[in-house]
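Here the structure is laid out as structure tokens; the discussion comes afterwards.
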Amino acid sequence: MALSMQFSAEDEAFREEVRDFLDAHLTPALKAAAARQTTVFPDRDVALQWQAILQAAKGWAAPAWPKAFGGPGFSANQRYIFNQECARAGAPGLIPLGLRMLAPVLFRYGTPEQQAHYLPKILSGEHYWCQGYSEPGSGSDLSSLRTTATRDGDVYRVNGTKLWTTHGHFADHIFCLVRTDSSGAPQRGISFLLIPMATPGISVKPVITLAGDHEVNQVFFDDVVVPVANRVGPENEGWTVAKYLLEFERGGGGAAPGLREALEHARALASLTREDGTSVLEQPQIAARLAALAVRLDAFELSELRTLAGLAEGGSPGPESSLAKNLSVRLEQDINTLALEVSAYYGLPQQPRGLAVNEEPLGPEAGVAVTGRYLNSRAASIFGGSEEVQKNIIAKAVLGL
């Protein structure tokens with residue numbers, strides 16, 4: 001059961017506005033697409049369709065954006081309510097790379113020209129971004145990256161490769177960490193570039209995941225020319241920019257409503273009547289695991305609300321985002337594990353993509369994405385910085401060890 005929270009009359013009126021909007025604009029097709037989603041990001045076309053609806057009807061495509069940059073300027077309570085109602089209604093997610101990750105970086109570090117050029121196109125969906133951080137051998141130890149950008153007058157020449165680039169096969173732009181100086185400490189020689197994917201010398205090759213999904217890629221740069229004007233922040237200080245962006249990737253607030261709906265979905269699967277007239281939910285160990293997950297989720301939600309309150313006052317998620325990342329990933333994985341277990345022998349045949357063995361899934365429609373979500377969420381312990389890296393950050397920056 002969700003936490004009981006007190007909201008003002010104005011907040012409750014906003015909740016009704018959101019519900020009315022969802023009733024009027026969230027189509028059955030969009031809800032069905034969201035219910036079958038197995039990957040970290042929703043289907044590109046579905047996400048862009050929903051983003052266009054949100055922006056055209058209400059200007060709600062970027063709930064976290066301030067009004068000064070084209071956002072709705074929601075309060076912390078409104079952001080929480082909006083996320084909660086979208087999750088309850090089964091709305092598809094939006095692609096966060098531009099809207100929730102790059103945009104805050106441009107708010108803080110971008111030039112007025114960069115803000116004027118990129119932010120409206122992110123908001124409209126005209127620009128579709130991917131992230132160029134990890135490399136072969138430089139994932140958790142990101143400061144060891146070797147993709148170089150050599151200055152040549154007013155341009156850089158970029159050479160190297162990036163790995164695990166989510167939606168790189170769809171994106172028309174990539175924000176990228178590159179090495180511009182190798183003479184000092186590794187973190188001091190990194191810069192942050194914005195690069196159109198159509199630039200000559202860029203190629204993309206797919207990486208197929210354990211779940212059979214083509215979600216991630218390897219991107220190659222062969223003497224790619226990038227204007228110096230596309231650098232965000234000072235040269236060789238991209239590490240500071242990158243760390244700020246990762247705070248929003250790891251824990252910008254708003255995961256709890258989706259996790260709560262995932263938990264309720266697992267509970268609904270456990271409640272389904274089997275051939276013998278019983279349900280898995282009647283087993284004490286299953287009921288106990290659901291209750292334990294609910295308690296953990298309540299605690300996590302309170303932590304997220306504190307983060308959202310800080311963001312509403314103009315702050316950033318800070319190092320606490322590492323704690324939020326680890327907690328939310330563990331919750332997601334444990335919920336997905338339980339959902340797969342209660343699906344029992346229907347689990348594998350219900351996998352709709354790479355592991356599918358049936359044209360039509362067997363068993364209840366409610367479980368069609370269970371296996372894919374379980375497999376895909378295994379990677380969540382690694383992307384955005386591995387669990388071990390997050391623990392080191394927490395020890396140093398939060399606990400002062």
Out of 377, 343, I need the residue that is under 17 Å from the mean Cα position of the chain (by Cα) and either modelled with pLDDT under 80 or among the polar types (S, T, N, Q) (or both). Which one? 377
Could you please let me know if residue 255 is touching a residue at least 60 places away in the same chain (Cβ under 8 Å) and farther than 24 Å from residue 153 by Cα? yes
Checking residue 110 against (1) surrounded by 20 or more Cβ atoms within 10 Å (Cβ to Cβ); (2) in contact with a helix residue (DSSP H, G or I) (Cβ under 8 Å, 6 or more places away or on another chain); (3) farther than 28 Å from residue 183 by Cα: exactly one of these is not met. Which one? (3)
Of the conditions (1) part of a helix (DSSP H, G or I); (2) at pLDDT below 85; (3) under 18 Å from the mean Cα position of the chain (by Cα), residue 328 satisfies every one except a single condition; which number is it? (2)
Please tell me if residue 180 is closer than 12 Å to residue 226 by Cβ, touching a helix residue (DSSP H, G or I) at 6+ places or on another chain (Cβ under 8 Å) and of a type in the set (S, T, N, Q). yes
Could you list, in sequence order, all residues of segment 136-162 that are modelled with pLDDT under 95 and under 20 Å from the mean Cα position of the chain (by Cα)? 139, 140, 142
Based on this model, can you work out whether residue 234 counts as more than 17 Å from residue 157 (Cβ to Cβ), surrounded by fewer than 16 Cβ atoms within 10 Å (Cβ to Cβ), modelled with pLDDT of 95 or more and not assigned by TED's automatic domain parsing to the domain that holds residue 373? yes
Could you say which residue among 116, 103 is assigned to a helix (DSSP H, G or I), under 14 Å from the mean Cα position of the chain (by Cα), under 23 Å from residue 241 (Cα atoms) and of a type outside the set (Asp, Glu)? 103
For segment 235-286, enumerate the residues that are polar (S, T, N, Q) and outside any helix (DSSP H, G or I). 236, 273, 278, 279, 283
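The values are calculated or read from the model by the stated rules, or taken from the named source; none is laboratory data. All figures in this text were calculated on a predicted structure; none of them were measured in a lab. Heads up, the Cβs are rebuilt from the backbone with ideal geometry, glycines too, and the neighbour counts pull from every protein chain shown.
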